Amino acid sequence: MADDNQKAKADVGKKKEDFEFAKILGEGSYSTVVLAKDKSNGQKYAMKILEKKHIIKEKKVAYVNREKEVLSKIKHPLFVRLYFTFQDSDKLYFGLSFAERGEITPYLRKVGCFDETCTKFYTAEIVEALDYLHQLRIIHRDLKPENILLNEQWHVQITDFGTAKVLEPGSSQCRADSFVGTAEYVSPELLTSKNACYASDLWALGCILFQFTAGFPPFHGANEYQCFQKITKGEYSIPDGFPAPIADLIEKILILEPTERLGAEEKGGFGPLKQHDFFEDIKWDTLMEQKPPPIKAYLPGQDLHSDMNVLDGMDADGQDDFDGSLLLAGLGLADQSKPLASQSDDRKALLAKQESNSPWSPFCNGELILKAGLVDKRKGFSCKRRQLICTDGPHLYYVDPVAMVLKGEIPWSEHMQLEMKNFKTFFIHTPNRTYFLEDPSGEAQQWVTLIENLQKKKKSVN
Ligand code: ATP
């Protein structure tokens, strides 16, 4: 921290010409955040640049001042730090610590949900950060995964203080004249009495903990109104298979009455929250010196959705018998000795057969189906049964087998990696997301081999 203070002093009186500007790190509603390097010492910053005209036009002057005021008070490794500000004729510049790994959300999206170790560590860091923030009498008011950034060592760096509020000494809540925050994480007291208090941040913490484990937030709806309805009624349900200590902690935090929430001043503050069973093995004093656990997915019990009954009216194993015979032919491996012309004749004949026989043909853009079968596609605690169709495109389409609607496609990429877990379960890692798939008929190995062969074939053609 001493180093940080020295750096902050040295940063007084900066100007635009002192920096080399590189890539854009992100865009906010009123700002662009750009990676900037201090020419004098190579120090990297996330430079938040705000256009004065735009801020005035959008009536966001108070918002910007608030962010600056709050950020200048915060000097803690679990928060983005404001080192300096300067301006020129048309722009304001905020020199922030650079969170190299960016937002936590893409990592969460990629794995679907975090395993227990990962959930515990990151939730503990958020708890520790809130403990510090509330000691400064600051309420964040917009805590959500998008505002949780990660630094180079994968530790949390909380950001976005535009809607934060510094409370007067002795006061424990503030009025919000308009809705502040984000629908899914906003607390019931803000919706019902337009009051926010320290425990409003705890509510958001409970929502984030739920989302880390489930892959989706506890309160959601088709629109904001529906979401708010559920929040004000405290209407959420914990999916079966949730680890018991996490479920217990969520139930103790997501309580409508703010003073009853674990971690609230009236419940003894952060001490009892940190002592909850879920955090039993967390060493709070050394949290920031610890190496964060690798980000891994939580895969709930495999029989979680065994009661799904979308197989009605299909073969017992849900496989399309028609496709088996196509597999080798479609791969072009059936008879390599045949002249090319006759191979394409074969393909045409197979396509014609496919069109008349296969219900999946309309989803395949005229490509030959190499394999099709039912899989359970998991994302956190949600599990959807889909017909997975691998074509010679190559493409991996998935179709809702009940509504017979194309739901999407696993984007084919040369960087895609296949992982075989057991005879039923396999993962497809794409650059942006990992798909967790379970083939109830136990053909995980066939899927993996087919897709890997197609990858090899595509590489050799390119
Ligand atoms: P809004 O202010 O509209 O709510 P926001 O809070 O996302 O949006 P910014 O704080 O301007 O807006 O940030 C925009 C994006 O820039 C963020 O979503 C994040 O991806 C990136 N970003 C912001 N601060 C940093 C930082 N310190 N290090 C790395 N990336 C950052």
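Within the stretch 407-428, residues that are open to solvent by less than 30 Å² (accessible area, probe 1.4 Å) have Cβ atoms under 7 Å from residues that are in a loop (DSSP other than H, G, I, E, B) in these pairs: ILE410/THR430; SER413/THR430; SER413/PRO431; MET416/THR430; PHE427/LYS421; ILE428/MET416, counting only partners at least 6 apart in sequence or on another chain.
Take GLU452 and decide whether it is closer than 30 Å to PRO239 by Cβ, acidic (Asp, Glu) and open to solvent by 30 Å² or more (accessible area, probe 1.4 Å). Write out each step before concluding.
Working: closer than 30 Å to PRO239 by Cβ: no; acidic (Asp, Glu): yes; open to solvent by 30 Å² or more (accessible area, probe 1.4 Å): yes.
No.
When the stretch 203-230 is filtered for residues that are free of Cβ contacts under 8 Å to residues at least 40 places away in the same chain and among the aromatic types (Phe, Trp, Tyr), the ones remaining, listed by number, are PHE219, TYR225. Of all the listed residues (LEU149, LEU108), the sole one being under 30 Å from CYS383 (Cα atoms), modelled with pLDDT under 95, in the same structural domain as THR182 (by TED's automatic domain parsing) and within 16 Å of the ligand (Cβ to nearest atom) is LEU108.
How many residues does the stretch 272-285 hold that are more than 17 Å from PRO245 (Cα to Cα) and either in a helix (DSSP H, G or I) or in contact with a Pro (Cβ under 7 Å, 6 or more places away or on another chain) (or both)? Write out each step before concluding.
Let us first name the residues in the stretch 272-285 that are more than 17 Å from PRO245 (Cα to Cα), namely 283-285.
Retained after the next criterion (residues that are either in a helix (DSSP H, G or I) or in contact with a Pro (Cβ under 7 Å, 6 or more places away or on another chain) (or both)): 284-285.
Number of matching residues: 2.
Restricting attention to the stretch 157-177, the residues that are within 12 Å of the ligand (Cβ to nearest atom), β-branched (Val, Ile, Thr) and in a strand (DSSP E or B) total 1.
The rows are residues; the columns are (1) open to solvent by 30 Å² or more (accessible area, probe 1.4 Å); (2) in contact with a Pro (Cβ under 7 Å, 6 or more places away or on another chain); (3) near the ligand (Cβ under 9 Å from one of its atoms).
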{"site": "GLU51", "(1), (2), (3)": "yes, no, no"}
{"site": "HIS54", "(1), (2), (3)": "yes, no, no"}
{"site": "VAL64", "(1), (2), (3)": "no, no, no"}
{"site": "LEU71", "(1), (2), (3)": "no, no, no"}
{"site": "LEU82", "(1), (2), (3)": "no, no, no"}
{"site": "PHE86", "(1), (2), (3)": "no, no, no"}
{"site": "ASP90", "(1), (2), (3)": "yes, no, no"}
{"site": "ALA99", "(1), (2), (3)": "no, no, yes"}
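In the set (1) within 15 Å of the ligand (Cβ to nearest atom); (2) modelled with pLDDT of 95 or more; (3) in contact with a strand residue (DSSP E or B) (Cβ under 6 Å, 6 or more places away or on another chain), LEU143 fails one condition alone, (3).
Quick check: is even one residue across the stretch 61-79 among the charged types (D, E, K, R), in contact (Cβ under 8 Å) with a residue 60 or more places away in the chain and under 29 Å from ASP285 (Cβ atoms)? Break it down into steps so the answer makes sense when it comes.
Restricting attention to the stretch 61-79, the residues satisfying the condition of being among the charged types (D, E, K, R) are 66-69, 73, 75.
Next, from what is left, pick out any that are in contact (Cβ under 8 Å) with a residue 60 or more places away in the chain: 66-67, 69, 73, 75.
Subsequent filtering for residues that are under 29 Å from ASP285 (Cβ atoms) retains 73, 75.
Yes, there is a match, as at least one residue in the stretch 61-79 is among the charged types (D, E, K, R), in contact (Cβ under 8 Å) with a residue 60 or more places away in the chain and under 29 Å from ASP285 (Cβ atoms).
Does the stretch 212-247 hold any residues that are touching a strand residue (DSSP E or B) at 6+ places or on another chain (Cβ under 9 Å) and closer than 24 Å to LEU149 by Cα, and which are they?
Here is the first cut: in the stretch 212-247, the ones touching a strand residue (DSSP E or B) at 6+ places or on another chain (Cβ under 9 Å) are 212-216, 239.
Matches in the stretch 212-247: PHE212, THR213, ALA214, GLY215, PHE216.
Checking each residue in the stretch 7-27 for being at pLDDT below 90, open to solvent by 40 Å² or more (accessible area, probe 1.4 Å) and under 25 Å from LEU150 (Cβ atoms) picks out only LYS7. Could you check how many residues of the stretch 119-153 are closer than 11 Å to LEU78 by Cα, open to solvent by 10 Å² or more (accessible area, probe 1.4 Å) and not acidic (Asp, Glu)? Within the stretch 119-153, residues that are closer than 11 Å to LEU78 by Cα, open to solvent by 10 Å² or more (accessible area, probe 1.4 Å) and not acidic (Asp, Glu) number 3.
Screening LYS233 with (1) out of contact with any Lys or Arg (no Cβ under 9 Å at 6 or more places or on another chain); (2) touching a residue at least 24 places away in the same chain (Cβ under 8 Å) gives one miss only, at (2). Among the criteria (1) touching a residue at least 60 places away in the same chain (Cβ under 8 Å); (2) surrounded by fewer than 16 Cβ atoms within 10 Å (Cβ to Cβ); (3) under 23 Å from CYS118 (Cβ atoms), the one PRO431 does not fulfil is (1).
The values are calculated or read from the model by the stated rules, or taken from the named source; none is laboratory data. Here the structure is a predicted model, which means the values were calculated and not measured. Because the Cβ atoms are built from the backbone with ideal geometry, glycine has one as well, and the counts that use them run over all protein chains shown. Remember, those area values only see protein heavy atoms, side chains included, never the ligands or the DNA or RNA. Shrake-Rupley method; radii C 1.70, N 1.55, O 1.52, S 1.80 Å.
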